[in-house]
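Take a look at the structure set out below.
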Amino acid sequence: MIAYVNGILESLEEGNAVVDVNGFGINVNISGSTMDRMPGIGEAVRLYTYTNVKEDSFTLFGFLSRDELNLFKMLITVNGIGPKGGLSILSVMTPDDLRFAIMSGDSKSISSAPGIGKKTAERITLELRDKIKVTEDEMLTGGSGIAIADDGLEAEASSARDEAVAALVALGYNSAAAMKAVRKVLAANKQSAEDTELLLKLSLKEMF
């Protein structure tokens, strides 16, 4: 309903920001990480918002980037995750860390968020992995679809990526860090997408 709120930051406190938009003070619920990155009082700010409407309330949840907003919208599609749960997760995890945790099945990192139990975290990784995977693949191909081919190259790339991440985790590396390193290598070296050994070797260099 309301795409964003653009105005002057009037006040800031735990979990809430008031933005003055042409003389109207708009209350926006924010995550802890958003609060830490907000400008000073009296400065301009734009928050991309999600509108939560109930019978007795009309609440805005705001983020400094569309990326965070989109991840928030994904999170609240999971059964048992409401807006407050989504904010809680994004308070302790950056968008990239959350994506990596979901892709690698790292429910432990997600469950570190206040109010998010182990089963709920596992449900998040299970229900959102395919959605995040599509987004990751689009990022690696620049949305061009170049990686999609009839000869199965896309499947090989996905397999190499998964195997490289699994190998790094087996070596004792954090799954989120492993996924981050592999993704960085794939973005810089397309050839490695077809060679698990090469991908693993280059990713290990990124870990140091």
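Details
- Filter result (within 16 Å of L69 (Cβ to Cβ) and touching a residue at least 60 places away in the same chain (Cβ under 8 Å)) within the stretch 2-31: S31
- Selection count where residues are under 25 Å from L64 (Cβ atoms), in contact (Cβ under 8 Å) with a residue 24 or more places away in the chain and not aliphatic (A, V, I, L, M), scope the stretch 86-124: 13
- The residues on offer are T51, T34, T59, and the sole one that is in a helix (DSSP H, G or I), within 23 Å of L71 (Cβ to Cβ) and either within 24 Å of the chain's Cα centre (by Cα) or in the same structural domain as K84 (by TED's automatic domain parsing) (or both) is T34.
- Matching entry among I26, I8, I41 (being in a loop (DSSP other than H, G, I, E, B) and either basic (K, R) or not assigned by TED's automatic domain parsing to the domain that holds A113 (or both)): I41
- Residues in the stretch 77-96 that are surrounded by fewer than 18 Cβ atoms within 10 Å (Cβ to Cβ), out of contact with any Asp or Glu (no Cβ under 6 Å at 6 or more places or on another chain) and more than 20 Å from N52 (Cα to Cα): V92, T94, D96.
- Of the helices (runs of 4 or more DSSP H) lying entirely inside the stretch 113-199, those carrying at least 3 residues that are farther than 28 Å from I81 by Cα and at pLDDT 80 or above are 153-170, 175-188.
The values are calculated or read from the model by the stated rules, or taken from the named source; none is laboratory data. Quick caveat: nothing in here was measured; it's all calculated off a predicted structure. In this analysis, Cβ positions are derived from the backbone assuming ideal geometry, glycine residues included, and neighbour counts consider all displayed protein chains.
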